[in-house]
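Engineer: Just dropping this structure here.
The values are calculated or read from the model by the stated rules, or taken from the named source; none is laboratory data. The model shown is predicted, which means the values in this text are computed figures rather than measured ones. Glycine gets a Cβ as well: all are built from the backbone with ideal geometry, and neighbour counts include every protein chain shown. Side chains included, ligands, DNA and RNA excluded: accessible areas come from the protein's heavy atoms. Shrake-Rupley method; radii C 1.70, N 1.55, O 1.52, S 1.80 Å.
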Amino acid sequence: MGYVHILRHFPSPQEGFNRTVRIYTPDTYDAWQDHRFPVLYMHDGQNVFAHPESAVFDTWCANRVAEENVQAGRMEPWIIVAVDSGPGRFQEYSPWDEPRNGVSARGEAYGRFLVEELKPYIDRTYRTRQGSEWTGVMGSSLGGLISLYLGWRFPQVFGRIGALSPTVMWSQGRLFDAWREHSHRWSRIYLDAGDTEFIHAGGIPLDYGRGTREFFRHLKGLGYGDHEVSLVLEPGGEHHEKDWQRRLPGAMQWLLG
């Protein structure tokens, strides 16, 4: 399942605190000494890997899924950089304020940390492949929202966006208003949710099936083609790590293959 290296006190001057960063290198990284690898950045890093120091039992098992997809010939090997959520997950994954439950946005600072601090470090330290076509970002729920925001805000950096059960209805749907045109850059955007997935978060009703479907239609209306944006609505899918784990093999194959 490759190797996971954990950096426990990685500075984020943009945010004013240190973060934990987990870096997975595939089995082929040491063997292919002259090869450069594309990189996927993932949020909620403590829930990403099958690893003894992951936070919960039902993780995404992204390292295992990636290795299985590579062995089956469905994708090439990728480095995966998983950033743990910090003190105030709602705030750091919110691009805009959410007044309905008093969340003050810190997503812009988090995005600048990824682009200005973490990505340059990864590119200096590992044999990475440069360019937005070879740099992805992925997350679920508010992590899916911040992934879409990063793809919109920094299209020159992130060309592949994976948003599983993305909270696109957050901040009264500000993402729809912000994303007004095709980026005119190389793009691949994966969207999914349970077809009737619905939760309450801090008293806010969140209809993920409907919201994700509407955002897919929004992107299609802006001119994104079938080769650029994909929608998966899973019958019975719920808002849980086990559901995102179950859909991850197909998500990775379409997004990274």
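Engineer: Out of contact with any Pro (no Cβ under 7 Å at 6 or more places or on another chain), without any contact (Cβ under 8 Å) to a residue 60 or more places away in the chain and open to solvent by less than 10 Å² (accessible area, probe 1.4 Å) - does that describe any residue in the stretch 80-96?
Structural biologist: Yes; the residues of the stretch 80-96 include at least one that is out of contact with any Pro (no Cβ under 7 Å at 6 or more places or on another chain), without any contact (Cβ under 8 Å) to a residue 60 or more places away in the chain and open to solvent by less than 10 Å² (accessible area, probe 1.4 Å).
Engineer: May I ask you to list the residues in the stretch 159-177 that are within 21 Å of E228 (Cα to Cα) and surrounded by 15 or more Cβ atoms within 10 Å (Cβ to Cβ)?
Structural biologist: The answer is G159, R160, I161, G162, A163, L164, S165, P166, T167, V168, L175, F176.
Engineer: Could I ask something else about it? Please go through (1) buried (at least 21 other Cβ atoms within 10 Å of the Cβ); (2) at pLDDT 95 or above; (3) under 18 Å from L142 (Cα atoms); (4) not charged (D, E, K, R) for F49 and return the number of the only condition it doesn't satisfy.
Structural biologist: Status for F49: all satisfied but (3).
Engineer: Just one of (1) outside any loop (DSSP other than H, G, I, E, B); (2) surrounded by fewer than 21 Cβ atoms within 10 Å (Cβ to Cβ); (3) aliphatic (A, V, I, L, M) trips up L191, so point out which.
Structural biologist: In the conditions (1) outside any loop (DSSP other than H, G, I, E, B); (2) surrounded by fewer than 21 Cβ atoms within 10 Å (Cβ to Cβ); (3) aliphatic (A, V, I, L, M), L191 misses (2) alone.
Engineer: Return the only residue of R180, R210, R185 being open to solvent by 10 Å² or more (accessible area, probe 1.4 Å), among the charged types (D, E, K, R) and assigned to a helix (DSSP H, G or I).
Structural biologist: The conditions single out R210.
Engineer: Search the stretch 1-21 for residues being within 13 Å of H51 (Cβ to Cβ) and among the aliphatic types (A, V, I, L, M), and hand back the single one that is most open to solvent (accessible area, probe 1.4 Å).
Structural biologist: Applying the first criterion (within 13 Å of H51 (Cβ to Cβ)) to the stretch 1-21 yields 1-6, 20.
Now restrict to residues that are among the aliphatic types (A, V, I, L, M): 1, 4, 6.
Details: M1: 96, V4: 21, I6: 29 Å².
The qualifying residue most open to solvent (accessible area, probe 1.4 Å) is M1.
Engineer: Now, a different point. Cβ contacts < 8 Å: first residue in contact (Cβ under 8 Å) with a residue 40 or more places away in the chain and over 28 Å from G225 (Cα atoms), restricted to the stretch 186-206; second residue surrounded by 15 or more Cβ atoms within 10 Å (Cβ to Cβ) and polar (S, T, N, Q), any location; separation 6+ or different chain. Result?
Structural biologist: So the pair list comes out as A201/T167.
Engineer: What pairs come out if I take residues in the stretch 213-225 that are assigned to a helix (DSSP H, G or I) and pair them with residues that are open to solvent by less than 40 Å² (accessible area, probe 1.4 Å) whose C-beta lies under 7 Å away, six or more apart or interchain?
Structural biologist: F215/V168; F215/L191; F216/L191; F216/V229; L219/I189; L219/V229; K220/V229
Engineer: Do the conditions hold for G225, that is, is it loosely packed, with under 15 Cβ neighbours inside 10 Å, out of contact with any Cys (no Cβ under 9 Å at 6 or more places or on another chain) and at positive phi? Even if it seems obvious, please write down each step before you answer.
Structural biologist: On the way: loosely packed, with under 15 Cβ neighbours inside 10 Å: yes; out of contact with any Cys (no Cβ under 9 Å at 6 or more places or on another chain): yes; at positive phi: no.
So G225 does not fit the description; no.
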